[in-house]
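The values are calculated or read from the model by the stated rules, or taken from the named source; none is laboratory data. On a predicted model such as this, the values are computed, not experimentally measured, just so you know. Cβ: placed from backbone, ideal geometry, glycine included. Neighbour counts: every protein chain shown. The area values use the complete protein model at the heavy-atom level, side chains included, leaving out ligands, DNA and RNA. Shrake-Rupley method; radii C 1.70, N 1.55, O 1.52, S 1.80 Å.
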Amino acid sequence: RAKEQGKNQAQFFDGKMEQTVCQKTMIETALYQAIEKRELKLFYQPQFDLVTGDMIGMEALIRWVHPEMGIVSPGVFIPVAEETGQIIVLGEWVIEEACRQIKQWNEQSGRSLQMSINISPKQFLQENLVNYITSVLKETNLPAELLDLEITEGVAVFNEKYTIEKLKRLKQIGVHISIDDFGTGYSSLSYLRKFPIDRLKIAKPFIDGITEVEEDAAIVASIIVLGKSLKLRVIAEGVETNEQLRILRSLRCDEIQGYVLGKPLPKEEFEKVYLF
Ligand code: C2E
Ligand code: MG
Ligand code: MG
Ligand code: MG
């Protein structure tokens, strides 16, 4: 009987589930080492004003440069880090590194470029976040309005009241707030009039369809109009073709980010191409 049970158990853990659990544990362990060994790197992707054509800033996107696996994408390890809680340490490193970098770039180039950082839901909910950002801004001497925090609509699901309070505290210190992947998450639009935010980032799936799918084009057009009437900036992300760019320009989208204008690059390459 015991043998039978054991067999069942073995079967239960065979297959996909075991693989997933094992992979997660592997990533978790490796991630601790990655933080220690400084294998985490920030890449930067430029963001442009669609009217003037000027670069207005960039988004910091984390990469794990593993000695054997090569470059591991955040899509693989951010969800694990979010689950294990490692996202807090990792996220603090991102905030510090990105703030230090943009302060230096602005000093060297005499410009006022803005740095966008992704803040995951668990990070957003962390009690210490506002104080932490305040201290990093002070340490790096970066003007708060040059820091933009990208949050997803998902943070509102947890507790709308708490989210509004937190956003107000962030606005008080002067940082900007963008809603990332806008249109794919939280389904109610009512939060838009309650959340003190600055910018909508139209999610890539809508941009993908903008030239072929009538509904996608209609949604993108509506988001742009919505943004204008709420006095929010609107940025399109994941723009890959000139045709998409042309349509977004005709719809009077404010800002653009995407491969058509620039892929995420490591610091040195970003400097060569966009700064110096
Ligand atoms: P996201 O914040 O929505 O970032 C946009 C993603 O689209 C990035 O993928 C970027 O490289 C990619 N992208 C930009 N333009 C194009 C394009 O024209 N075509 C295509 N196909 N892709 C484009 P990436 O770097 O793999 O990041 C994936 C996600 O991981 C991010 O989505 C963000 O949610 C998360 N992430 C990245 N870095 C961080 C970080 O430092 N902290 C946290 N919490 N999350 C991060
Ligand atoms: Mg983002
Ligand atoms: Mg996005
Ligand atoms: Mg995202």
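Table for the structure above
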quantity: Ellipticity estimate at 222 nm from DSSP helix runs (n ≥ 4, -39,500 (n - 2.57)) divided over the chain, nearest 500; calculated: -15500 deg cm²/dmol
quantity: Residues of the range 58-93 with amide N under 12 Å of a point placed 7 Å along Cα→Cβ from Asn128; calculated: 88-93
quantity: Straight-distance crosslink candidates among lysines, where the alpha carbon sits under 29 Å from Lys168 and sequence neighbours closer than 8 are dropped; calculated: Lys103, Lys122, Lys138, Lys194, Lys201, Lys204, Lys228, Lys231
quantity: Gained length - Asn141 relative to Val89, 0.36 nm times residue gap less alpha-carbon distance; calculated: 16.6 nm
quantity: For the range 78-231: Kirkwood Rh in Å [reciprocal of mean 1/r, alpha carbons]; calculated: 16.6 Å
quantity: Global geometry of the range 198-266, whether rounded, prolate or oblate, following the gyration tensor of its Cα atoms and the 1.5 cut on a/c; calculated: oblate
quantity: Val225-Lys168 pseudo-label distance in nm [points 7 Å out on the Cα-to-Cβ vector]; calculated: 3.2 nm
quantity: Highest to lowest packing among 99-107, 48-56, scored as the average C-beta count within 10 Å; calculated: 99-107, 48-56
quantity: Share of carbon and sulfur in the accessible heavy-atom surface of the chain [1.4 Å probe, %]; calculated: 53 percent
quantity: Prolate/oblate/rounded label for the range 149-276 (Cα gyration tensor, a/c 1.5); calculated: oblate
quantity: Net dipole in debye of the range 126-184 [+1 Lys, Arg Cβ; -1 Asp, Glu Cβ; about Cα centre; nearest 20]; calculated: 320 debye
quantity: Shape call, the chain: gyration tensor on alpha carbons, a/c limit 1.5; calculated: prolate
quantity: Solvent-accessible area per residue, Å², over the range 82-205 with all protein chains present [probe radius 1.4 Å]; calculated: 43 Å²
quantity: Charge dipole (debye, nearest 20) of the chain; +1 at Cβ of Lys and Arg, -1 at Cβ of Asp and Glu; calculated: 580 debye
quantity: Residue-normalised accessible area of the range 213-276, expressed per residue, 1.4 Å probe, Å²; calculated: 55 Å²
